[in-house]
Every structure is written in structure tokens, then in C-alpha cells.
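The values are calculated or read from the model by the stated rules, or taken from the named source; none is laboratory data. These numbers come from a predicted model, not from an experiment. Cβ placement follows ideal geometry from the backbone for every residue including glycine, while neighbour counts extend to all protein chains displayed.
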Amino acid sequence: MRCNEVMKTTVQCAGVTDTVQSAARAMRDRNIGFLPVCDADGRVVGTLTDRDITLRLACEDRSAAQTLVGDLMTREVISCRAGDDLAEAEKLMATHKKSRIVVLDESGAACGVISLSDVAERDSATRAAVTLRQVATREAQA
């Protein structure tokens with residue numbers, strides 16, 4: 001199975017200069033917890049999760065309306081390509097302890113997102129369970 005068979009293709013991105021408040025509203029309105037962060041050319045330069053917002057904003061006592069996405073985002077982008085085998089995406093998720101990864105096109109722009117729930121819905125129960133256990137170890141160690 002290929003990543004393009006599993007990925008969500010409607011990708012909402014945040015800009016580096018967007019406020020965290022606008023990104024959080026986009027997450028709320030679309031019922032998602034993950035946004036790729038793109039530069040002016042559309043290339044993915046980071047990611048922002050609901051967890052990033054909750055922990056980093058609260059712990060640092062910042063204002064969501066005055067904090068830029070670029071100041072809060074995770075700069076390490078874990079990604080795959082649409083034509084990659086799903087096993088590669090699962091391996092990346094397990095290795096990097098990520099429950100969501102970005103699917104990039106040839107230009108480095110986001111063309112999809114794969115979440116652990118996408119893997120669980122479409123992959124064999126055994127493989128999904130193994131990936132879930134590997135990703136979940138970060139919670140136990142944190």
C-alpha cells in the first residue's frame with residue numbers, strides 16, 4: 001500500500017507569520033490537531049500541533065494573539081512522499097515518535113498528511129498496533 005492511498009489530501013497549512021491564535025482557530029474549525037507550517041513559497045518548514053500550542057503557550061505564559069506560529073512551531077519536519085510505501089511512513093512515525101507526518105510533493109510543498117488513525121483504519125490491525133505501541137512510548141517516557 002502506498003502513502004497516497006492513505007493520506008488526507010485536504011491540507012490546511014499555517015504560515016510562519018500567522019498568529020498562534022489564528023492557527024488554533026483553524027484547528028478548532030476543521031477539527032484537526034496538526035498543521036504543516038509553510039513559508040511564502042509553500043515549502044514546509046515546520047509543524048504545529050495542538051499539543052505545541054497547549055504546552056508551549058501555557059508554560060511560557062504567552063499570548064496566542066501576539067505569538068507567531070514561527071516562534072512556536074516544531075522545526076523538525078518528519079515527512080514522506082506520496083509514492084512511498086506505507087511501511088516507510090509507519091517506520092518514520094515509530095522512529096520519531098510522531099502520530100502525524102507530512103506528505104511532500106517534489107517541490108517540498110505539503111500534498112497530504114498521514115495520521116496514526118489513518119494507518120489504523122486502512123492497514124492491518126497487527127501493523128497498526130505495532131506502530132501505535134512504538135509511537136506511544138514517548139508518552140510513557142515523558
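Numbers below:
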| read-out | value |
| --- | --- |
| Single match in V119, V130, V77, V135 (criterion: at pLDDT 85 or above and surrounded by 12 or more Cβ atoms within 10 Å (Cβ to Cβ)) | V77 |
| Qualifying position, being among the charged types (D, E, K, R) and in a helix (DSSP H, G or I), among R56, R62 | R56 |
| Failed item in (1) under 21 Å from S117 (Cα atoms); (2) at pLDDT 95 or above, with T17 passing the rest | (1) |
| Count of region 39-61 residues which are surrounded by 15 or more Cβ atoms within 10 Å (Cβ to Cβ), without any contact (Cβ under 8 Å) to a residue 40 or more places away in the chain and of a type outside the set (D, E) | 6 |
| Subset of region 87-112 [surrounded by 22 or more Cβ atoms within 10 Å (Cβ to Cβ), in contact (Cβ under 8 Å) with a residue 60 or more places away in the chain and outside any strand (DSSP E or B)] | A89 |
| Residue within region 19-29 that is assigned to a loop (DSSP other than H, G, I, E, B) and either surrounded by fewer than 20 Cβ atoms within 10 Å (Cβ to Cβ) or in contact (Cβ under 8 Å) with a residue 12 or more places away in the chain (or both) present | no |
